[in-house]
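S.K.: This structure is in structure tokens; I'll ask about it shortly.
Throughout, read-outs are computed from the coordinates displayed, never taken from laboratory work. For clarity, every value in this text was computed on a predicted model and none was experimentally measured. Reconstructed Cβ throughout: ideal geometry from the backbone, glycine too, with neighbour counts over all protein chains shown.
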Amino acid sequence: MKTLIEKTSDKLIRAFLKNKIIAPIPSKFTKKLNEAQKLRKLCESKIKEPVIGFKAAGTGIPLIKKFKEKEPFYASVYKRNLLKSGKRVKINKSTLGIELEVCYLIKKSFFKSKGFISKKNLSKYISYMATCIEIVGYRQRKKGITSFADLCSDFGANVKFLLGQKKKFKRINIKNLRTNISNKKINQSVNGNTNTVYINPLNSLRFVLNKLKKDKISLNKNFWVFTGSSVGVVPIKSKGLYIGRIEKLGSVKAFIT
């Protein structure tokens, strides 16, 4: 007979692949992050679709303190969930909201590097940077966030990523860039700053890369790392066009339906 974690992973994977919403999974996997990590890794090991990159989640320092965690976590991002700026994304009642992020394209040579990634050697593995919108939500009939395990157990709660125009990587003051996401139709506008992302997006990137090394993850291609929201999880109050802007990096659009 299958174990509880096997049964749960099968249900989540079917929901993920068929874009369906299922009943909430057992609380065993949504209370403690270590149990959620086991489920996430099992689910990801069973999915044979191409991985396009990885996301950092739980990067807001206040959120880390609120849920009494020591650090963020990461999850795989699949090619099927990466869209070009301006594409349509259909949401449902389990959608949590919309986020605005800095992302980096990392050279595949990273996987051949030895030792952990430091602030000094980080930049040699980055080829491009871009502005990105992430739509976050569950594949379960549930709302809100009560723990990092809630998010982690459900594929990191990533639904879709919309990628703005990529720019050749260069050193800028990524620690203090103004950000904004808005829907002009309903006069919704939320300001943010890159300094809310686990100190800064480059530090978040370094965290993910070192976790990949620790977990012995490897790809044979360049890959994206999405570093976490600079505006928190912004509620989607209406369907229509959302535009995200990050100072010095550019803009990205998502059409919510």
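S.K.: For the pair T146 and F67, how long in nm is the line joining their label points, each one 7 Å along Cα→Cβ?
M.R.: Those two pseudo-labels are separated by 1.3 nm.
S.K.: Roughly what % of DSSP beta bridges within the chain run antiparallel, to the nearest 5?
M.R.: Close to 85 percent.
S.K.: Semi-axes of the equivalent ellipsoid of the range 13-163: what are they in whole Å, largest first, if each equals the square root of 5 times a C-alpha gyration tensor eigenvalue?
M.R.: Computed over the range 13-163, the values are 25, 19, 16 Å.
S.K.: Given K79/K143; K142/K239; K38/K166; K108/K239; K66/K211, which pairs have Cα atoms separated by over 31 Å?
M.R.: Too far apart for the 31 Å limit: K38/K166; K108/K239.
S.K.: So what's the back-of-envelope 222 nm ellipticity for the chain, counting only DSSP H runs of four-plus at -39500 (n - 2.57) apiece and dividing by all residues, rounded to 500?
M.R.: -6500 deg cm²/dmol
S.K.: What residues have an amide H closer than 5 Å to that of Q165, excluding those fewer than 5 places away on the same chain, when H is modeled at 1.01 Å from N in the peptide plane?
M.R.: Sorted by chain and number, the residues that satisfy this are T131, S251.
S.K.: Could you give the semi-axes, largest first, of the ellipsoid that matches the chain, computed as the square roots of 5 times the alpha carbon gyration tensor eigenvalues and rounded to whole Å?
M.R.: So the three semi-axes of the chain are 26, 23, 17 Å.
S.K.: Using the C-alpha gyration tensor of the range 61-122, what are the square roots of 5 times its eigenvalues, in whole angstrom, with the largest one first?
M.R.: Ellipsoid half-lengths, sorted descending, are 28, 22, 11 Å.
S.K.: Calculate the length of the line joining the C-alpha centroid of the range 1-38 to that of the range 138-186, in whole Å.
M.R.: 22 Å
S.K.: Which pairs in the list K18/K55; K55/K119; K11/K221 are over 24 Å apart, alpha-carbon to alpha-carbon?
M.R.: Over 24 Å Cα-Cα: K11/K221.
S.K.: Here's a follow-up. How would you order 20-30, 145-155, 247-257 from highest to lowest mean count of nearby Cβ atoms within 10 Å?
M.R.: Peptide ranking by packing, descending: 145-155, 247-257, 20-30.
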